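A.B. asks: The structure that follows is given in the form of structure tokens.
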Amino acid sequence: MNKFLKNTLKVSASLALGIFIFWLAYRQMDTKQIFEILSGNVRYEYIWIGVFIGILADVFRALRWKMQIDALEEQKPTVINTLFAVMIGYFVNFLVPRAGEVVRCGIINRYHKIAFTKVLGTMIAERAFDFIVLLSLIAFGALIQMNLFMGMFSEHVSFSHPSMSMVYWLIGICAFLLLLWLFRKRIRETFAYRKFVALVKDIWIGIKTSLRLKRRYLFFLYTIGIWGCYFLMLYIPVFAFDFTSELSIAAIFFTFIMGSLGTVAPVQGGIGTFHFMTIASLTLFGIGKAEAGAFALIVHGSQMASYMIGGILSFIGLPLVNSGKKAADTNNTKE
């Protein structure tokens with residue numbers, strides 16, 4: 001199987017999974033009722049405010065990532081190029097899950113001549129830090145609303161009959177690790193192993209420099225800004241609907257955590273998984289399924305549309321903004 005076909009199958013499988021979960025979330029709902037809700041008394045100004053806050057989160061992310069790249073002490077990327085890279089990365093993630101991270105590192109490598117693996121290291125450090133933040137939020141949410149967490153997962157997940165596929169996976173992993181240990185000397189002599197070690201070293205350089213920032217307080221302020229905006233992206237649209245406007249902050253925080261878990265699933269843009277988790281959360285607080293479905297649909301749809309438009313505009317703007325720099329580099333080369 002060639003690489004293109006393999007990647008196509010992966011993307012198709014991921015999209016199919018997202019569509020299937022989306023279908024599971026909406027299969028028992030009256031679509032006519034959902035569209036009546038969305039075309040009724042909806043205060044869409046709150047939806048647009050949520051979209052604007054989402055863009056603000058991207059700006060904070062670009063500023064934080066620029067700090068990490070600057071710490072490499074090589075050529076410093078411009079804020080606009082970093083923002084374009086982030087926006088294009090989100091756009092690509094809607095097409096191919098997790099490919100956007102690679103693309104945005106490639107943009108910085110192309111326009112600022114910084115080693116791709118080092119930029120990748122900063123991105124990995126950034127994602128690792130966000131993962132820690134998410135785990136902390138989940139732990140905090142579980143601590144204050146343990147009954148809701150247990151009720152949520154006991155309703156949708158069964159632990160009474162462990163799947164044999166998990167056993168097969170564990171056996172396969174153990175066998176693979178055993179083979180690596182038995183043939184470790186031969187593996188170390190291969191070209192692929194030496195390239196892999198060099199790659200890991202460059203990535204580690206990126207991670208270490210990210211952790212030795214001079215203005216760490218600013219890094220944490222940007223992080224608070226990012227996650228604060230993420231919460232507001234869900235909190236503000238709550239006031240667009242009469243049936244959600246009375247929800248408590250605790251209820252919205254719980255829904256935010258569950259929705260965030262849905263967005264980290266390996267499907268395009270959290271399609272299906274975000275809807276499933278958000279609907280399941282809102283129904284725990286007495287919101288009807290059709291109403292919860294309409295809310296999840298408009299919140300996710302508006303954010304997805306903004307990322308798609310932002311990504312397309314960034315694709316157009318990136319070469320235009322850097323055209324002068326490219327011409328200057330060409331003249332310097334001639335001289």
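The values are calculated or read from the model by the stated rules, or taken from the named source; none is laboratory data. Bear in mind that the values here come from a model prediction, so they are computed numbers and not experimental data. With ideal geometry, Cβ positions are generated from the backbone for all residues, glycine too; neighbour counts draw on all protein chains shown. With ligands, DNA and RNA removed, areas are computed over all heavy atoms of the protein, side chains included. Shrake-Rupley method; radii C 1.70, N 1.55, O 1.52, S 1.80 Å.
A.B. asks: Among the residues of the stretch 19-36, is there at least one that is assigned to a loop (DSSP other than H, G, I, E, B) and touching a Gly at 6+ places or on another chain (Cβ under 8 Å)?
C.D. replies: The first filter runs over the stretch 19-36 and keeps only residues assigned to a loop (DSSP other than H, G, I, E, B), leaving 27-30.
Those still in the list that are touching a Gly at 6+ places or on another chain (Cβ under 8 Å) too: 29.
For the stretch 19-36, residues assigned to a loop (DSSP other than H, G, I, E, B) and touching a Gly at 6+ places or on another chain (Cβ under 8 Å): present.
A.B. asks: Okay, next question. State whether the residues of the stretch 118-134 include one that is out of contact with any Ser or Thr (no Cβ under 9 Å at 6 or more places or on another chain), open to solvent by 10 Å² or more (accessible area, probe 1.4 Å), assigned to a loop (DSSP other than H, G, I, E, B) and touching a residue at least 60 places away in the same chain (Cβ under 8 Å).
C.D. replies: no
A.B. asks: Given the condition without any contact (Cβ under 8 Å) to a residue 24 or more places away in the chain, among the charged types (D, E, K, R) and more than 16 Å from Ala115 (Cβ to Cβ), answer yes or no: does some residue in the stretch 68-84 qualify?
C.D. replies: no
A.B. asks: Could you tell me which residue of the stretch 233-289 is nearest to the chain's Cα centre (by Cα), considering only residues that are open to solvent by 10 Å² or more (accessible area, probe 1.4 Å) and aromatic (Phe, Trp, Tyr)?
C.D. replies: Per the criteria, the residue is Phe274.
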